[in-house]
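The values are calculated or read from the model by the stated rules, or taken from the named source; none is laboratory data. Because the structure is a prediction, the values reported are computed rather than measured. We place every Cβ from the backbone using ideal geometry, glycine too, and count neighbours over all the protein chains shown.
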Amino acid sequence: MMPSFFLHRIRGFSMAEIMVAVFIVGLIIGPLVLLLNQSTQKTNVSMYLFLAMHYADEIAQQLQRMAPHFDQILAEAKDPTSQTTPTLRDLLMDGNFLNEVKKLDNNFTLAFFQFGAKKLQACLMLSPMDGHFKTRTLDVYPLVSQTSSILGQKNFWKVNIILEWKEIQNGPTQSALFPIILGNP
Amino acid sequence: MIAKKRQGFTFPEIVIVVSLVSMIMLTIFAFFSSGVRSTVKGKDRLDSIRAMTLLLADMKKDIANAEKIEAENLPLQIGETEDLFPDDVVYDRKVTFTGKDGIFSYSQGAAAKGESSFVLRSGKNARGEDVYEKFGVPRINSFEVLHVIKKGKFGSLPQDFNQVLIKMVLDSNDPRLPEDKLYFTHVLVPNRLPGSDWSSPAEN
């Protein structure tokens, strides 16, 4: 004689049973899909972070090589009729200069240092960025040092090189910030 | 009663069940398939970027120590008054850096017909030993370099801003992603070029 459990089973599954089964299967598969998507997302973030790092590095290298000459560049920027001497922040945060740094082009570009409307002789060579990148900009802060006598009475500046990109056209904007320290005598 | 219940499933029941299972399986498969494809593509691109990073690290080191830069053509000179990078520039396929650490050339290496190739770093180090290294095997689709001298001034001091521009196209290494290419450009600056170094005024 067949046990009563099987007798009951032969009648088929109730709606509630099916719902519970589907819910359990969903519980198992849902996190798996989520995990896969997260892994993909992280891979893409790493990829764009790597590219951002290279774009920032070329700016950092050029700025660091110019650092010993910032005084000469600032002297050129100074208006002879004015008493005010521009600072490195004024130079790097100049609107016209930043517009050139931000410019998205398919070819290499020259971003000339500018102060006010005056274009200076020194410039940065910038490479074209991958199409997903939307912005390349700088932000400069003065660093107040208590040990300026040890550091040779220099003025120190923290320059943040900021890059922004979108992985997908209508997706959220991602960004990375690469700080460097510059000193000018 | 038991005999009656053991009739089995009817054909419509089986069709409905198979349809439902197929729909569920297709949805799950679509999710996984797109997820796996994105992961594979991302991983492949990361591998390309890693290959490029390794190459750039060596180039950066060699250009930093270079006292002489030679390419197939003369350097592109951009005058003091020019403020645009020319569009119609012919890039070089090979560049050689000579410095205290040795002589090192970078060029696109030949590979078997129909295959992607690599960047070859070859030359002699300071001890006179031959150097022969391959980068990005077999991902390098194209490798172009350009030595640029931008004439300018630091204040009133004439200055030659030397830089080496790199343009690379990297192919995917995965046969499932035949059209996936990574375009990459970079600017490298030298440290020790006499007379035209960024740190010392040009001799003119």
Condition (residue is crowded, with 17+ Cβ neighbours inside 10 Å, touching a Lys or Arg at 6+ places or on another chain (Cβ under 7 Å) and within 13 Å of chain B (Cβ to nearest Cβ)) applied to segment A:51-68: is it met by at least one residue? yes
Just for segment A:66-104: of the residues that are basic (K, R) and within 30 Å of B:L46 (Cβ to Cβ), which one is nearest to the chain's Cα centre (by Cα)? A:K102
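Look through segment B:154-169, keep the residues that are at the interface with chain A (Cβ under 7 Å from one of its Cβ atoms) and not polar (S, T, N, Q), and return whichever of them is surrounded by the fewest Cβ atoms within 10 Å (Cβ to Cβ).
Residues of segment B:154-169 that are at the interface with chain A (Cβ under 7 Å from one of its Cβ atoms), as a first pass: B:154-155, B:157, B:163, B:165.
Filter once more, keeping what is not polar (S, T, N, Q): B:154-155, B:157, B:165.
Numbers: B:F154: 23, B:G155: 16, B:L157: 14, B:L165: 21.
Across segment B:154-169, the extreme among qualifying residues is B:L157.
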Being within 8 Å of chain B (Cβ to nearest Cβ) and small (G, A, S) is the filter; apply it to segment A:105-146 and report the residue that is farthest from the chain's Cα centre (by Cα). A:A122
Complete set of residues in segment B:39-92 that are under 29 Å from B:D180 (Cα atoms), among the acidic types (D, E) and without any contact (Cβ under 8 Å) to a residue 24 or more places away in the chain: B:D87, B:D88
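Mind telling me which of the residues B:L74, B:L84, B:L46 ends up being at pLDDT below 90, over 23 Å from the mean Cα position of the chain (by Cα) and of a type outside the set (K, R)?
Working: B:L74 fails: at pLDDT below 90; B:L46 fails: over 23 Å from the mean Cα position of the chain (by Cα).
Going through B:L74, B:L84, B:L46 in turn, the sole match is B:L84.
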Pick out, from segment A:43-103, the helices (runs of 4 or more DSSP H) lying fully within it that include 1 or more residues that are closer than 23 Å to A:K154 by Cα and either among the aliphatic types (A, V, I, L, M) or free of Cβ contacts under 8 Å to residues at least 12 places away in the same chain (or both). A:70-77, A:88-92
